[in-house]
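Written below as structure tokens is the structure these notes are about.
Only the coordinates and a few stated rules stand behind these numbers; no lab work does. Please read all numbers here as calculations on a predicted model, not as lab measurements. Quick reminder, even Gly has a Cβ in these numbers, built from the backbone with ideal geometry, and neighbours come from all protein chains shown.
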There are 2 protein chains.
Amino acid sequence: MKCAAGIEARQVDEVAINIDPIQAGGRLTADAMKAVIAYGDGYSVCDNCRKPNRLDYISKPPIAEFHKAVAGWLNMDTARMVPGARRGFQAVAHTYVRKGDPVLLTSLSHYTEFLAVEEAGGVAREIPANEQKLVTPDGTAQKIEEVIRDSGRPPVIAFIDHVDYQYGNMHDVKGIAKVAHQYDIPVLYNGAYTVGILPVNGKDLGVDFVVGSAHKSMASPAPSGVLATTAEHAKEMFRTTAITGDVTNRKFGIKEPAMMGCTLMGVTLVGMMASFPHVKERVKHFERELENHRIVTEALLSVEGTEILSEYPRKHTMTRVETIASFDRVAEVHKKRGYYFSSALEERGVTGLIPGATKVWKFNTYGTTRKQAEYLAHAFVEIARENGLKVS
Amino acid sequence: MKCAAGIEARQVDEVAINIDPIQAGGRLTADAMKAVIAYGDGYSVCDNCRKPNRLDYISKPPIAEFHKAVAGWLNMDTARMVPGARRGFQAVAHTYVRKGDPVLLTSLSHYTEFLAVEEAGGVAREIPANEQKLVTPDGTAQKIEEVIRDSGRPPVIAFIDHVDYQYGNMHDVKGIAKVAHQYDIPVLYNGAYTVGILPVNGKDLGVDFVVGSAHKSMASPAPSGVLATTAEHAKEMFRTTAITGDVTNRKFGIKEPAMMGCTLMGVTLVGMMASFPHVKERVKHFERELENHRIVTEALLSVEGTEILSEYPRKHTMTRVETIASFDRVAEVHKKRGYYFSSALEERGVTGLIPGATKVWKFNTYGTTRKQAEYLAHAFVEIARENGLKVS
């Protein structure tokens, strides 16, 4: 079935259990779907734009109220919506990083943080993760000292992922921020895998910026995200424009250059707004998600030779698995080679695994019901047994 | 009717003739609406992302093909989709403008172009529009000479709006680009009001960059837009990442830092793709749009005291009108004051005028049928007559 010329109507989350590592938290709520239909047209949220003509002041639909609510929910002072977490990184890097400045990242940082630093002319300095693949306050202190020795000055800012994209491990951002602040280094909290998934309290964590990805973790259409900060940093971050036209002497009011003026608009913003009440509620029940996830990881671990590469027990529902000594051994002899594994899952109505991957792979059970988790667990065990692998 | 808690389901283009100056070209096509429903979920277009793992290489849905088609349609060599025209301006300014560099804009440039220059540290130098509110090649040459006298060097780039947001006037970009190129100044063509509205041929215009707004003029959800360039500039503009991690020695493949990695994704991109065949077709029939627009402007001009502030005859369907000596005179005595005008239009099923505006205002008839244009023309005349204004 096509939805437009040459474009197949997507039916993934409607027809399968989707365990794609990046898609699970961005599946729309029913309210967001309805909002998307109502606000699809380009400048749909601008019907009632009045002076001072900035998107985050619009009260119908309640955009202004939503901005305040999101800031409060994250326990930060001010928030703006942005076209994806990466645009939050970009805005912060562009404001705080000058050419040649050392910037603290981690050995598990996402590539978009590197690109933001690159574009600002900064030099990436990674805090190494330890053997448990965890970034620690001690590791942070050592790295800062190393940067000071090398550059004669501390890094200008630190980008720290609370839960990283590689292992889904949870790092001690609170401890890291404490160390960074001893050197007056502001901390950006990358909540791409947490904001909208589990409770995030910016002030309690002691961070200066909170960035979230709405299309990854807030049940919203892409591209969407949030950048929140403290009253102290808001003045710099959300400074208003100062440029003037040399002929017309025009000024541009309260538009914010780091945000490129009006921020996230239209269908993406309204999708975020419609999902927000549900997102606020769901983060309170993250324990339930972990419990469902445990059912699946335990089933995987029951297949002899399978290893969970992520920290264990799990603190997040996105997990990295190694099946070199289990499912991959089947691939060596199977007529479908590595594709047998994703095929066997697809046949059981499970999707989201990279086709052909049988060595190291990631999956995310966020949003599955207990029944679906049990079904998933059973599917993995069944595929193992059918292919002659030992299950304990 | 609410579409989600606290969010009224928007019904504007469904129930009224909408002459909002910025909304007319961004109304979704039926195909885009269907695509939006099918691709609402966050990372919806990433189901079939394979190596080299960059969005514009995905072939299902046909994103790679779409990128090539858009570049060809604009007669440029390479195109990327971006979250709004402003993100195109930002990427170009960030690549070509260094702190203190003079940048050529015009006295009718949009504020987002100023913000892009501001963020890159550039100095805005406006080419003055002439008395007819037109930016000309001669004016451009004079301004470049003035900048050279002031700064000892020519501007590093020129941002030129083909059709400006203030008057909807059409400026001689081809002539301006010719002049700019004599000084080796690359030219960015701002097609926010043209790309998707009328035929745009980048090579024929002789410009180096073409930026379009999809949520303004390509019947797409927000935020969306396009940045296209020549083979010569693509190397700089779409350079691939060079940053590395100092601990992991990670590199980030063919991701493009000016684009912040993967470009426009999800619902916005698929909306653009679904509307594209219709957009390609509609630009061929712009004369019909101008003819419908003429019906309305002539009706407005028949109301004594009304003036069209835009160039006349019109070359675009977005027009600036002065009604100080006509509709505003009624406002002085009407019990609803200025609101009588938008009210009277709303009662007739016409929307998109700023409530209360009776002095100077803009409207856009893009996409109206001939019958709707005639209805609109009649509505303006009728409101004039009912309020005792002379109609010739």
- [ ] Starting with the fewest neighbours, write out A:LEU309, B:LEU188, A:LEU300 ranked by other beta-carbon atoms found within 10 Å of each beta-carbon.
- [x] A:LEU309, A:LEU300, B:LEU188
- [ ] Give the shape of chain B as rounded, prolate or oblate, defined through the alpha-carbon gyration tensor: a ≥ b ≥ c are the square roots of its eigenvalues, a/c under 1.5 means rounded, and otherwise the shape is prolate if a/b is larger than b/c and oblate if not.
- [x] oblate
Task: Cα→Cβ-extended label distance, 7 Å offset, between A:ARG153 and A:ILE324, nm - done: 4.4
- [ ] Counting only C-alpha contacts under 8 Å and six or more residues apart, can you give the relative contact order of the stretch B:170-277 as a whole percent?
- [x] 20
Open item on the list: Only bridges whose two residues both fall in the stretch A:235-392 count here: according to DSSP, what percent of them are antiparallel, nearest 5?
Closed with: 100
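Using a Förster distance of 35 Å, how high is the FRET efficiency between B:GLU236 and B:LEU301, based on the Cβ-Cβ distance and rounded to 0.05?
Numbers: r = 48 Å, r/R0 = 1.37.
The calculated FRET efficiency here is 0.15.
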TODO: Report, in cubic angstrom per residue, the convex hull volume of the C-alpha atoms of the protein assembly as shown.
DONE: 155
TODO: Jot down the radius of gyration and Dmax of the stretch A:93-150, Cα atoms only, both in angstrom.
DONE: 11.7, 34
TODO: Using only alpha carbons, build the gyration tensor for the stretch A:341-392 and give me the equivalent ellipsoid semi-axes, biggest first, whole Å.
DONE: 17, 15, 10
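Of all beta bridges DSSP finds with both residues in chain B, what is the antiparallel percent, to the nearest 5?
Antiparallel: roughly 55 percent of the beta bridges in chain B.
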- [ ] Mind checking the full-extension length gain between B:ARG98 and B:THR244? Use 0.36 nm per residue of separation minus the Cα-Cα distance, one decimal, nm.
- [x] 50.2 nm
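I need to check one value: relative contact order of chain B, counting alpha carbon pairs closer than 8 Å and at least 6 residues apart, in percent. Could the numbers behind the result be given before it?
Values: 807 pairs, mean separation 79.3, N = 392.
Relative contact order comes out at 20 percent.
Could you estimate the translational diffusion coefficient of the stretch A:214-332 from the Stokes-Einstein equation, with Rh from the Kirkwood formula over C-alpha pairs, at 37 °C and 0.692 mPa s, in whole µm²/s? Let's see the in-between values first.
Working: Rh = 18.9 Å.
For the chosen part, D equals 173 µm²/s.
Does the stretch A:1-102 come out rounded, prolate or oblate by the C-alpha gyration tensor, with a ≥ b ≥ c the root eigenvalues, rounded set by a/c under 1.5 and, if not, prolate when a/b is larger than b/c and oblate if not? Numbers along the way, then the final one.
On the way: a/c = 1.92, a/b = 1.30, b/c = 1.47.
Oblate is the answer for the stretch A:1-102, as a/c is 1.5 or above yet b/c matches or exceeds a/b.
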Task: For the stretch B:70-127 and the stretch B:318-380, distance of Cα centres in Å - done: 34
Open item on the list: Compute the angle between helix A:85-96 and the longest alpha-carbon principal axis of chain A, please, reported from 0 to 90 degrees and rounded to the nearest 10.
Closed with: 40
- [ ] Show the residues, 5+ positions off or on another chain, whose built amide H is closer than 5 Å to the amide H of A:ILE157.
- [x] A:LEU104
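In debye to the nearest 20, how big a dipole does the stretch B:182-267 give about its Cα centre with +1 on each Lys and Arg Cβ and -1 on each Asp and Glu Cβ?
Numbers: 7 positive and 7 negative charges, 66 e Å.
Dipole about the Cα centre, nearest 20: 320 debye.
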TODO: Measure nothing but the geometry: give the 0 to 90° angle between the long axis through the Cα atoms of B:137-151 and the longest principal axis through the Cα atoms of chain B, rounded to 10°.
DONE: 50
Open item on the list: Quick check on the exposure proxy: order A:TYR39, B:TYR375 from fewest to most C-beta atoms within 10 angstrom.
Closed with: B:TYR375, A:TYR39
- [ ] Pull out a ≥ b ≥ c, the square roots of the eigenvalues of the alpha-carbon gyration tensor of the stretch A:50-264, then state rounded if a/c is under 1.5, prolate if not and a/b is larger than b/c, and oblate in the remaining case.
- [x] oblate
Open item on the list: Using the Karplus curve 6.51 cos²θ - 1.76 cosθ + 1.60 with θ = phi - 60°, what ³J(HN,Hα) values do you get for each residue of the stretch B:34-47, in whole Hz, with x for Gly and Pro?
Closed with: 5, 5, 4, 5, 6, 10, x, 4, x, 8, 5, 8, 9, 4
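If you wrap the stretch A:241-297's Cα atoms in a convex hull and average its projection over all directions, what's the area in nm²? Let's see the in-between values first.
On the way: hull surface 28.3 nm².
Quarter of the Cα hull surface area: 7.1 nm².
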Open item on the list: Can you tally the lysine pairs in the stretch A:50-264 where the Cα-Cα distance is under 17 Å and the two residues are eight or more apart, or on different chains?
Closed with: 12
Open item on the list: Of all beta bridges DSSP finds with both residues in the protein assembly as shown, what is the antiparallel percent, to the nearest 5?
Closed with: 55
Task: Of A:MET265, A:MET218, A:MET318, the one that fluctuates the most in a GNM where chain A has Cα springs shorter than 10 Å - done: A:MET265
TODO: Using the number of other C-beta atoms within 10 angstrom as an exposure proxy, rank A:SER275, B:SER392 with the fewest first.
DONE: B:SER392, A:SER275
- [ ] May I ask for the angle, rounded to the nearest 10°, between helix B:370-386 and the longest principal axis of chain B, with both axes built from Cα atoms and the value confined to 0 to 90°?
- [x] 50
Open item on the list: Give me the Å³ per residue figure for the convex hull around the C-alpha atoms of the stretch B:285-386.
Closed with: 82
